[in-house]
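Comments concern the structure below.
The values are calculated or read from the model by the stated rules, or taken from the named source; none is laboratory data. Computed from a predicted structure; not experimentally measured. Positions of Cβ are generated from backbone atoms using ideal geometry, with glycine treated the same way; all protein chains shown enter the neighbour counts. All accessible areas refer to the heavy atoms of the entire protein, side chains included, with ligands and DNA or RNA removed. Shrake-Rupley method; radii C 1.70, N 1.55, O 1.52, S 1.80 Å.
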Amino acid sequence: MVKITKENIEYFIFEYHEGNLSDTDKAEVLNFIHQHPEYENDFAHWAQSYFHTEGSVQNYGLTNQLLQKDAVSWYGNKWFAISGSVVVLVIGLYSYLLTFNPKTTSVTAPSLHSTSVKQSEKKETSISGAETNVNRTIQNTNHSSVTIDEAAQSLTPAATIENKTSAGIRMADTMFKTNKDYIPVSGIEDKPKSISKTDTIQHTTNVTQSNTQVKNKKNPAKNKSGVSLKPENKFIPTNPDF
Amino acid sequence: MSAKLYNQSVHDYSNRVCRFVDKLLQDSTAAKDITQEAYLRLWENRDKIDFDKVRAWLFTTAYRLSIDYLKQKNRFYSDEWIPEISIDQENPDLKKVLHDALSLLTEQQKSIILLKDYEGYSYEEIGKILQLNESQVKVYLFRARKKIKEYIGDLRLVL
C-alpha cells in the first residue's frame, strides 16, 4: 500500500469514488481527510462529478425506423419452407379435385333428369287419366248411341229424321259405324229408351268433348305436349299431385 | 446474425446509442442521423458481427461517426483548447452544471465519461471502443473528472 500524501491524495480520492480501492485503502483515505479537513470540499466535488442515469432511457423515436422485416432465410428455414410449400401444394390439389370431380357434376344431371321424368310421368298419368275418361265417355256415348240406334230403328221415320238431323247423333253414328270392333257392354238394356232432345244434347256434349280429346291424342302435331293446357270442366286428375 | 437478433439489438441499444451521441455532440438531430447510419452499417455487416459484440460495435461506430461529424463541422476540440461556456447563476442545478461541464471536455474525454457513467463500461471495454489501452482510459478519465470537479468547485465559489 502506497502512503497517502498531499501529492497523491486526489488520485486516491478518484480511485475511492471509482471503487477501485479495498476496504483498508478506503479507510486510509478517510483517515487522511479527517486529519486534513481542507480536502473535504475536494472529496465532495469529486463525488458530484459523476453522471447518474435517470432510470429509463429517453426514447428518441428511432425504433420503428430501424427495425427490419423478418426475412425468411433459405438456409436457416429450409425445411420450414419446403414443408410449407408441400402443404400448400396438397391443399391446392385437393381443392382442385373436389371442385372439378366429374362425379359431382353427374350427380346434378340425374336430378334434373329425374325431375323431368317426374314431370313427364305426371303428364302421362294425366294423359292416361284423360284417356280413361275419354274411354269412359266413349263407352257411355256408345251405350247411348247403341240405345239411340236401336231406338231409331223402332221409331217412326219422323222421329228418326228428327234424331238424325242432330249433329251429335250423326257423329255418334259415324263413330258407331266405323267402330267395327265394338262390343256392347253388358248390363245395357236392349229395349230402346225414349229419346228426348235433352238426352241427345247431353250425349252430343259428351261426344264432342271426348272426340276433341281423342283427336288431340291422334294428332300430336297440333298439340305438342299432348295434354290440353286448359283444364276440362269434367276432367278428373288421377294424380293427386297434379 | 439474423434479422431477429438485429431487431432485438434495435430494441435494446438504439436509444442508448442515440443518447451517447446526443450528449457527445450536444445535437439531437445529428445524434439521430448518426444512430441510423450506425444501424445501417450493422445491417450491412450483420453476417460478420456476433450478437454478443453488437453493443460495443454500435458504440464504436457511433463514436467514430461522431468524430467525423465534428471534423466536418470544424468543431473537433483538442486537449489544449477549452471553449467558454455560460453559467446559469440563477438555477445552479447540478444536473445542468454537469451538462454544461461536458462542453469543457474533449471528445475523447467526453466519450469516456459517457461510456463509463451512462453505459457502465469497464476500462477495458472503453479502450476497445475508443482504441485505447486500459491505462490510457484511466488517465483520460481522471483528467475529465478533475476538470468537472474544478468547474463545480469554481461555480460554487462564485455562487
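Can you tell me which residue is nearest to the other protein chains (Cβ to nearest Cβ) among those in region B:131-159 that are within 23 Å of B:Arg55 (Cβ to Cβ) and buried (at least 21 other Cβ atoms within 10 Å of the Cβ)? Only one residue tops the list, namely B:Ala144.
Can you work out which of the residues in region B:9-34 that are touching a residue at least 12 places away in the same chain (Cβ under 8 Å) and open to solvent by 60 Å² or more (accessible area, probe 1.4 Å) is farthest from the other protein chains (Cβ to nearest Cβ)? Talk me through it step by step, then tell me what you get.
Looking only at region B:9-34, we keep the residues that are touching a residue at least 12 places away in the same chain (Cβ under 8 Å), and these are B:9-10, B:12-14, B:16-21, B:23-26, B:30-32, B:34.
Narrowing the set further to residues that are open to solvent by 60 Å² or more (accessible area, probe 1.4 Å) leaves B:12, B:16, B:26, B:32.
Working: B:Asp12: 10, B:Arg16: 6, B:Gln26: 14, B:Lys32: 6 Å.
Selected residue: B:Gln26.
The combined condition, being within 12 Å of chain A (Cβ to nearest Cβ), surrounded by 19 or more Cβ atoms within 10 Å (Cβ to Cβ) and within 25 Å of A:Ser56 (Cβ to Cβ), is not fulfilled by B:Ile126. Given the structure, is B:Asp100 in contact with an Asp or Glu (Cβ under 9 Å, 6 or more places away or on another chain), under 28 Å from B:Arg145 (Cβ atoms), in the same structural domain as B:Gln131 (by TED's automatic domain parsing) and at pLDDT below 90? Yes.
Of all residues in region A:1-28, those satisfying the criterion of being in contact (Cβ under 8 Å) with a residue 24 or more places away in the chain, over 16 Å from B:Lys146 (Cβ atoms) and either within 60 Å of the chain's Cα centre (by Cα) or open to solvent by 50 Å² or more (accessible area, probe 1.4 Å) (or both) are A:Met1, A:Glu28.
Taken over region A:29-46, the criterion of being within 14 Å of chain B (Cβ to nearest Cβ) and loosely packed, with under 12 Cβ neighbours inside 10 Å is satisfied by A:Glu38, A:Glu40. Picking from residues in region B:35-58 that are within 12 Å of chain A (Cβ to nearest Cβ) and under 22 Å from A:Thr53 (Cα atoms), the one that is surrounded by the fewest Cβ atoms within 10 Å (Cβ to Cβ) is B:Leu58.
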